[in-house]
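Visitor: First, the structure itself, so that you have it in front of you.
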Amino acid sequence: MTEGQTITAFLEALSSKQPVPGGGGASAMAGALGTALGLMVGNLTVGKKKYAAVEADVVSMMDKLAGIQREMVTLIDEDARVFAPLAAAYGLPAGTEEEKQYKEQVMEENLTNASLVPIRIMELSVEILGILQEMEEKGSVMAVSDVGVAVQFARTALTGAVMNVFINTKSMKNREKALELNDRAHKSLEAGILLADQVYGKALKRLNP
């Protein structure tokens with residue numbers, strides 16, 4: 001998402017027939033929205049006497065969320081950037097053995113790069129969920145619902161980004177590398193879903209015991 005682009009412009013671009021932004025960029029946007037809601041909870045907590053004992057912790061969480069948010073926004077553009085050479089690689093000629101070997105080499109390199117961006121989105125999503133777990137415990141009770149919504153955005157970023165990992169690794173000839181990338185993705189997916197469901201369930205129970 002280029003700096004200064006409105007949400008409406010992003011949605012229009014996402015809705016178009018152009019390949020980017022696509023699912024990867026949308027997943028990163030979901031992660032950024034999750035951090036924004038987490039920051040809102042922090043801002044509703046800091047400065048209140050009731051939460052003075054945990055204010056330093058909340059400020060620290062907010063700093064981390066702000067950093068992750070900046071990276072998530074960067075990853076929206078990065079996802080589009082790594083797709084361009086991959087799309088071009090599909091069109092490379094493969095009429096001769098030499099051309100086939102070159103195309104395969106270029107494809108493998110770009111499929112790997114296109115997998116690493118959503119893997120990073122997933123890893124950041126797990127980080128967000130860990131912070132939200134603490135925010136649910138220490139943040140303003142008036143904003144418990146916002147923690148729950150933030151969790152679902154982070155969960156969406158996680159489960160959305162994994163689709164982009166698998167669609168790329170599925171096409172890789174180097175199955176050892178593909179399995180390595182899939183393993184990283186599976187670890188984040190399993191850890192993140194477990195954490196998201198725990199935190200969301202806790203927030204839900206506080207709202208509707």
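The values are calculated or read from the model by the stated rules, or taken from the named source; none is laboratory data. Quick caveat: nothing in here was measured; it's all calculated off a predicted structure. Surface areas here come from the heavy atoms of the whole protein model, side chains and all, with no ligands, DNA or RNA. Shrake-Rupley method; radii C 1.70, N 1.55, O 1.52, S 1.80 Å.
Visitor: Which order do VAL106, VAL59, VAL151 take by accessible area at a 1.4 Å probe, largest first?
Guide: Working: VAL106 25, VAL59 60, VAL151 0 Å².
Result, largest first: VAL59, VAL106, VAL151.
Visitor: At 18 Å minimum axial length over the Cα atoms and a Kyte-Doolittle cut of 0.0, report the qualifying DSSP H helices in the chain, or say none. Please report the intermediate quantities before stating the final value.
Guide: Details: long enough: 23-45 (33 Å, 1.03); 55-90 (52 Å, 0.35); 97-138 (62 Å, -0.49); 144-169 (38 Å, 1.00); 175-207 (46 Å, -0.47).
Those that pass (Cα extent of 18 Å or more, hydropathy at least 0.0) are 23-45, 55-90, 144-169.
Visitor: Just to be sure I understand the curve: with the Debye formula and one point per C-alpha of segment 122-205, what is log10 I(q)/I(0) at q = 0.26 Å⁻¹?
Guide: Scattering profile of segment 122-205, log10 relative to I(0): -1.14.
Visitor: Next question. May I ask you to derive the relative contact order of the chain, considering only C-alpha pairs under 8 Å and at least 6 residues apart, and to give it as an integer percent? Don't skip to the end; give the middle numbers.
Guide: Values: 286 pairs, mean separation 58.2, N = 209.
Rounded, it is 28 percent for the chain.
Visitor: While we're here: Students sometimes get this wrong: rank GLU180, GLU55 by accessible area, probe 1.4 Å, all chains present, largest first. Mind showing how you got there, number by number?
Guide: On the way: GLU180 95, GLU55 60 Å².
Sorted descending by solvent-accessible area, the residues read GLU180, GLU55.
Visitor: Please give the length that would be gained between ALA94 and ASP197 if that part of the chain were fully extended, namely 0.36 nm times their separation in residues minus their C-alpha to C-alpha distance (nm, one decimal). Numbers along the way, then the final one.
Guide: Working: separation 103, 0.36 × 103 = 37.08 nm, distance 4.71 nm.
Roughly 32.4 nm would be gained on extension.
Visitor: Over 19 Å apart: what share of the alpha carbon pairs of segment 1-122 falls there, rounded to a whole percent?
Guide: Values: 4381 of 7381 pairs.
That tail contains 59 percent of the Cα-Cα pairs.
Visitor: For the chain, which whole-number percentage of the solvent-accessible area (1.4 Å probe, protein heavy atoms only) is attributable to carbon and sulfur atoms?
Guide: Details: 6290 of 11060 Å².
Roughly 57 percent of what the probe reaches on the chain is carbon or sulfur.
Visitor: Using Cα springs under 10 Å in a Gaussian network model of the chain, which residue among SER171, SER27, SER115 shows the largest mean-square fluctuation?
Guide: Looking only at SER171, SER27, SER115, the biggest GNM fluctuation is shown by SER171.
Visitor: In whole Å, what is the distance between the alpha-carbon centres of segment 1-56 and segment 164-209?
Guide: 20 Å
Visitor: May I pose another question? Let me have the relative contact order for segment 1-86, percent, based on Cα pairs under 8 Å that are six or more residues apart.
Guide: Details: 66 pairs, mean separation 35.8, N = 86.
So the answer I get is 42 percent.
Visitor: Working out 0.36 nm times the residue gap between LYS205 and ASP183, then minus their Cα-Cα distance, what length gain in nm do you get to one decimal? Numbers along the way, then the final one.
Guide: Values: separation 22, 0.36 × 22 = 7.92 nm, distance 3.30 nm.
Once the chain is fully extended between LYS205 and ASP183, it gains 4.6 nm.
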